[in-house]
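Working notes, beginning with the structure itself.
The values are calculated or read from the model by the stated rules, or taken from the named source; none is laboratory data. Values in this document were obtained by computation on a predicted structure and should not be read as measured data. Here the Cβ is made from the backbone with ideal geometry for all residues, glycine too, and neighbour counts use every protein chain on show.
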Amino acid sequence: MDSAMLAALVDRVQAARAAGRALEIRGGGTKRFYGQAPQGDVLDVRELRGISSYEPSELVVTARCGTPLAELEQALAERNQALPFEPPRFDDERGDGRSASTVGGMVAAGLAGPARAQSGGVRDYVLGATLLNGRAEVLTFGGQVMKNVAGYDVSRVLAGSLGIFGVICEVSLKVLPVAPATLTLRFELAQAAALQSLNTWAGQPLPLNASSWHDGVLHLRLRGAVAAVDSARRLLGGSPVDADVAERHWASVRDQRHAYFTDRRIGAGDAALWRVSVPSTAPPLALSADPFIEWGGAQRWFVSAQPADEIRAAAQAARGHATRFRGGDRSAGVCTPLSPALQAVHQRLKQAFDPDRVYNPGRLYPEL
Amino acid sequence: MTLSVPPTAERAARQTELTTALAAVLPPHALLWRSESTVPYECDGLTAYRATPLAVALPETDDQVSAVLRACHRLGVPVVARGAGTGLSGGAMPHPMGLTLSMARFNRIVAIDPLSRTATVQCGVRNLAISEAAQPHGLYYAPDPSSQIACTIGGNVAENAGGVHCLKYGLTLHNVLRVRGFMHDGESVEFGSEALDAPGLDLLSLMIGSEGMLAVAVEVTVRLVPKPQLARCIMASFADLRSAGDAVAAIIGAGIIPAGLEMMDQAMTAVVEDFVHAGYDPDAAAILLCESDGTPEEVDEEIGRMCPVLERSGAVRIEVSADEAQRLRFWSGRKNAFPASGRISPDYLCMDSTIPRKRLAEMLQAIHRMEGVYGLRCCNVFHAGDGNLHPMILFDASNADQLERAEAFGADILETSVRLGGTITGEHGVGVEKLGSMCVQFSPEEREQMQALKAAFDPPGLLNPGKVIPTLRRCAEGGKMHVRRGLLPFPELERF
């Protein structure tokens, strides 16, 4: 059954290639707002689905691209394990509050949630992948083991590639057990003081796991051994947040259902949601909008209608970069432009994997 | 194996051409080309493979590195970058018609920032020197390959080096934020950033582990992590290998990620016990070392959870380190596995495959059978937490027949690892040593895709050519059959 579905995909790609047509790889379609506007005929990959293997004691799960993320997370939760990078589960266009996100889209978008700074991002957990490239070849890189340096690490670079190399047919991911204790603390702190505290705490052996700051309120999630969370709580102070309230808060940050991210200005007129990635110690950025800060200070969101140049300049002054994440004009590219050396490598890599530009043309950068 | 090129007039002319070009951009002491001065560079830690380069450059500044690369690019001369030369797969073996680019003089710690918990260091800084510099701030650099006293961060980046703590703390890949360097033509480039990501494709993850084939690194920014207050180690003995393997699965199944989880078989235990007197149980078929680190309360909690799991899995003896001296003694044997092997045998071949942990007993039985087939002894240490196995094949290299049998034994282990769902190298890299085994692990299309990836970074193929990805011809001549690891079962698609 799988081979038939894969064979059908291969046929579609060969036909598109022969006809000179582009394909938009689509799973749940929850992240079409991200990157440049999708182009080409839709290549729906949801039928290639299911968990191919899962061995909790190996800490590895292998799933096909169309597997709903919810199904994967459910299977892991049943064995008290999880994806530590907390990928977002955005609502799709149906707006019924349930996310149609798939495993393939999760890897292709490479987005991680609140625990990113402490637990790592998508690429840190990718162990191997099977790729259908632009020559319609089915290739497997990496594997299902933690340590593997045989050949180039092609599977990890697929994380965040926005599908420009091909269909990520199947992926093996490292998973981790859920820690025994979790506690969220709440502090009232101004932005600069919150950033200072977050960086100072992160230099100490504390079970920090996630942070969010907005409008004078810092939430800090501790996660680890019972004893570690207990002693950190005594050391840090702050007010403990009720577990259910805390869980709703972190889910609303992770899935961007928090009021900050559902701001009606996003996508109306010139206003956009910007993701600014900076060193965690960067001082408050010189931008007019109020930020929403995650990742211990390393990820800062802004809802702003300021011109892209100004936002990028502020990010670059802080030795970071800015991405037009949602809304606004995305025709000129949403990512920060690359240096000439990196741009040349990007173009040649696209050529190496997808010489006829069949897959998601222009989605990551206009010229790719 | 020695790759020698006869000292022809052609080679001499090429050497003159190169040294003349480099003399214009390097001070005289930074350029070696007489054979007595290039001899120390003829191999890395894989001493069985040697070659003499046309010249060795030891640049001291970024501008010199760039100028050397520009000159080699103009002349079409291959460049092999090299750190401390501790690598075990021949990744830094010179090219007989190329330049060896030693980064040894890039040994400066540029900055330690305790607030952002990062260290920016030149690529020739030793792994352990980073942790030593960070120590006053209560921080350290987590990846700890066993060569950490000598190996450099540039070499760690090239190999994606691991260590005994990577189950909990990750590999080089997980602990490096940014690599600055130069492309094959001398153009400057930066992969990653001081933030947690960079725009576009994650080329940093390709650069790490690329064995010097994509670009030359000059400066690396690494993440530092808080030093745990305390570490304690459990030493558990098992009467058979299967129950030791089951114990590893049971610990992880119980939701515990130990700071270290290492196993030694009886043959290895006997060799190291004789060398370091760590107090290992000589009757045990396998010894497991399980480390916990964190606050004292956290460590107590974790040790309290691990001991019963080990008992239930059939541990016949359990000892928990009472103090730091005892903990270090428990580890001393494991850490001395390589030198101890060198003590009982004139030579040893250290293999480095990774297998799914559940296949361990099967793998060790297969290795035991191979000892009979090849007529050589093998002892085993195992990074049990992440499935990385280091079988040490004992032999005498002065006996050509033994060397041949040892290499065949090693290749058999690698092929078996691939068949069991694993990989031919976990942390030592492919280099020149495992080129043949790459034919087993990857299909022709997969290898061609990797060649194309290499060409995207280095179109003329000047950086460390001939390593990592074997040519189609080499695989055809070697007669090795590709083992389909396909994550998906679709044999009918193989012909595409």
Q. Looking at B:I256, B:I287, which is the one that is of a type in the set (V, I, T), outside any helix (DSSP H, G or I), more than 11 Å from chain A (Cβ to nearest Cβ) and free of Cβ contacts under 8 Å to residues at least 60 places away in the same chain?
A. B:I287
Q.
Looking at (1) touching a residue at least 60 places away in the same chain (Cβ under 8 Å); (2) at the interface with another protein chain (Cβ under 10 Å from one of its Cβ atoms), which one does B:R242 not meet, given that it meets all the others?
A. (2)
**Q.** Members of segment B:71-107 found to be assigned to a loop (DSSP other than H, G, I, E, B), of a type in the set (S, T, N, Q) and either closer than 18 Å to A:V149 by Cβ or touching a residue at least 60 places away in the same chain (Cβ under 8 Å) (or both), listed by number
**A.** B:T86, B:S89
Q.
Of everything in segment A:184-202, what is of a type in the set (A, V, I, L, M) and surrounded by fewer than 20 Cβ atoms within 10 Å (Cβ to Cβ)? Give them in sequence order.
A. A:L185, A:L189, A:A190, A:A192, A:A193
Q: Could you check, for segment A:310-325, whether at least one of its residues is free of Cβ contacts under 8 Å to residues at least 40 places away in the same chain, farther than 27 Å from A:W250 by Cα, assigned to a loop (DSSP other than H, G, I, E, B) and not hydroxyl-bearing (S, T, Y)?
A: no
Q. Any idea which residue in segment A:101-146 is surrounded by the most Cβ atoms within 10 Å (Cβ to Cβ), counting only those that are touching a strand residue (DSSP E or B) at 6+ places or on another chain (Cβ under 9 Å) and charged (D, E, K, R)?
A. A:R116
Q: Look through segment A:324-365, keep the residues that are surrounded by fewer than 16 Cβ atoms within 10 Å (Cβ to Cβ) and within 12 Å of chain B (Cβ to nearest Cβ), and return whichever of them is nearest to A:A305 (Cα to Cα).
A: A:P337
Q: Would you check if A:R248 is charged (D, E, K, R) and within 13 Å of another protein chain (Cβ to nearest Cβ)?
A: no
(Q) When the residues of segment A:147-157 are narrowed to those that are among the aliphatic types (A, V, I, L, M) and farther than 29 Å from B:G255 by Cβ, which ends up surrounded by the fewest Cβ atoms within 10 Å (Cβ to Cβ)? (A) A:V154
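Yes/no per residue for (1) under 30 Å from A:R233 (Cβ atoms); (2) more than 12 Å from every other protein chain (Cβ to nearest Cβ); (3) buried (at least 23 other Cβ atoms within 10 Å of the Cβ):
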site: B:S292; (1), (2), (3): yes, no, yes
site: B:E297; (1), (2), (3): yes, no, no
site: B:E301; (1), (2), (3): yes, no, no
site: B:D323; (1), (2), (3): yes, yes, no
site: B:H368; (1), (2), (3): no, yes, no
site: B:G372; (1), (2), (3): no, yes, no
site: B:A397; (1), (2), (3): no, yes, no
site: B:L403; (1), (2), (3): no, yes, no
Q) assigned to a loop (DSSP other than H, G, I, E, B), more than 9 Å from chain B (Cβ to nearest Cβ) and not aliphatic (A, V, I, L, M), is that true of A:G151? A) no
(Q) Please verify whether B:R359 is within 14 Å of chain A (Cβ to nearest Cβ), at pLDDT below 95 and either more than 21 Å from B:G87 (Cβ to Cβ) or not in a helix (DSSP H, G or I) (or both), treating the condition exactly as stated. (A) yes
Q: Would you be able to say whether some residue in segment B:454-472 is within 10 Å of chain A (Cβ to nearest Cβ), out of contact with any Leu (no Cβ under 7 Å at 6 or more places or on another chain), among the polar types (S, T, N, Q) and assigned to a loop (DSSP other than H, G, I, E, B)?
A: no
Q: Scan segment B:109-155 for residues that are free of Cβ contacts under 8 Å to residues at least 24 places away in the same chain and under 23 Å from the mean Cα position of the chain (by Cα) and report the count.
A: 7
Q) Taking the condition within 10 Å of another protein chain (Cβ to nearest Cβ) and either of a type in the set (A, V, I, L, M) or in contact with an Asp or Glu (Cβ under 9 Å, 6 or more places away or on another chain) (or both), does B:S443 pass? A) yes
Q: Could you please give the count of residues in segment B:331-371 that are closer than 14 Å to B:A270 by Cα and aromatic (F, W, Y)?
A: 1
(Q) Out of everything in segment A:233-266 that is in contact with a Lys or Arg (Cβ under 7 Å, 6 or more places away or on another chain) and part of a loop (DSSP other than H, G, I, E, B), what residue ends up being farthest from B:P199 (Cα to Cα)? (A) A:G238
Q. When you look at B:A158, is it within 14 Å of chain A (Cβ to nearest Cβ) and either over 20 Å from the mean Cα position of the chain (by Cα) or of a type outside the set (G, A, S) (or both), yes or no?
A. no
Q) Just checking, how many residues over segment B:405-440 are in contact with a Pro (Cβ under 6 Å, 6 or more places away or on another chain), within 25 Å of A:F353 (Cβ to Cβ) and facing another protein chain (nearest Cβ under 7 Å)? A) 1
Q. A:Q196: within 14 Å of chain B (Cβ to nearest Cβ) and either outside any loop (DSSP other than H, G, I, E, B) or closer than 28 Å to B:G253 by Cα (or both), yes or no?
A. yes
(Q) Go through segment B:271-280 and report how many residues are more than 21 Å from B:G385 (Cα to Cα) and not in a helix (DSSP H, G or I). (A) 3
Q: Mind counting the residues in segment B:385-399 that are in a loop (DSSP other than H, G, I, E, B) and either closer than 30 Å to A:S57 by Cα or within 20 Å of the chain's Cα centre (by Cα) (or both)?
A: 3
Q) What is the residue count in segment B:339-356 for residues that are in a helix (DSSP H, G or I) and surrounded by fewer than 18 Cβ atoms within 10 Å (Cβ to Cβ)? A) 4
Q: Quick one: which residue in B:G466, B:G436, B:G461, B:G426 is within 20 Å of A:M146 (Cα to Cα) and of a type outside the set (A, V, I, L, M)?
A: B:G426
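The rows are residues; the columns are (1) touching a Ser or Thr at 6+ places or on another chain (Cβ under 6 Å); (2) more than 7 Å from chain A (Cβ to nearest Cβ); (3) within 30 Å of B:R74 (Cβ to Cβ); (4) of a type in the set (A, V, I, L, M).
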{"site": "B:F191", "(1), (2), (3), (4)": "no, yes, yes, no"}
{"site": "B:L206", "(1), (2), (3), (4)": "no, no, yes, yes"}
{"site": "B:E211", "(1), (2), (3), (4)": "no, yes, yes, no"}
{"site": "B:P228", "(1), (2), (3), (4)": "no, no, no, no"}
